[in-house]
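Some notes on the structure that comes next.
The values are calculated or read from the model by the stated rules, or taken from the named source; none is laboratory data. Quantities reported herein were computed from a predicted structural model and do not represent experimental measurements. We place every Cβ from the backbone using ideal geometry, glycine too, and count neighbours over all the protein chains shown. Just so you know, the surface numbers come from the protein's heavy atoms only, side chains and all, with ligands and any DNA or RNA stripped out. Shrake-Rupley method; radii C 1.70, N 1.55, O 1.52, S 1.80 Å.
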Amino acid sequence: MTGGGIDFTEILAQAEEQMAEIAAIQKKQAALVTTASAADGLVTVSVNAQGVVIETKIDRDFLDEFDLDDLGRYITQAAQAAAKDVQSQAAALIAPAAERRKVFPSLSELIPDAPDIRDFTAEIPKPSLAPPNSPSRLSLEGDPDDHHGEDEPWFGIRA
């Protein structure tokens, strides 16, 4: 439509572009892994995108410097630091798209009683529980559109 009217083709193209961008960001978020350390680096904990512990490592020298009674506290500290970091990374990934999305007009603003496009969200892929650098985790970090068969982790995931 021209002459100051609403260009629905342009609006739909922008919506499609934003949804594709958000889907790509969500896939990146799902693949996030972060590791934090405590006890001078002798305790490390890795978490996935949901902050779920996927690996814990205790250096053999831990008991040379610390008491076993302190181990639980250090594991907790490292896990909490890793979870906080992965949340920050996920938020940083989505922040630019979220800002652009705020200025996008609501469909209900353009057409009375229409659903709001902003309410439609893509299904977020479930983060892996595999440890860092494991074959199954590394396969998730590849190109999710480059699937060669149904056995691959990304096959069938839709955003």
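Quick one: would you say S88 is open to solvent by 50 Å² or more (accessible area, probe 1.4 Å), modelled with pLDDT under 90 and under 18 Å from the mean Cα position of the chain (by Cα)? Against the criterion (open to solvent by 50 Å² or more (accessible area, probe 1.4 Å), modelled with pLDDT under 90 and under 18 Å from the mean Cα position of the chain (by Cα)), S88 does not qualify.
Determine which member of the set Q87, Q18, Q50, Q77 is in contact (Cβ under 8 Å) with a residue 12 or more places away in the chain and not in a helix (DSSP H, G or I). Result of the check over Q87, Q18, Q50, Q77: Q50.
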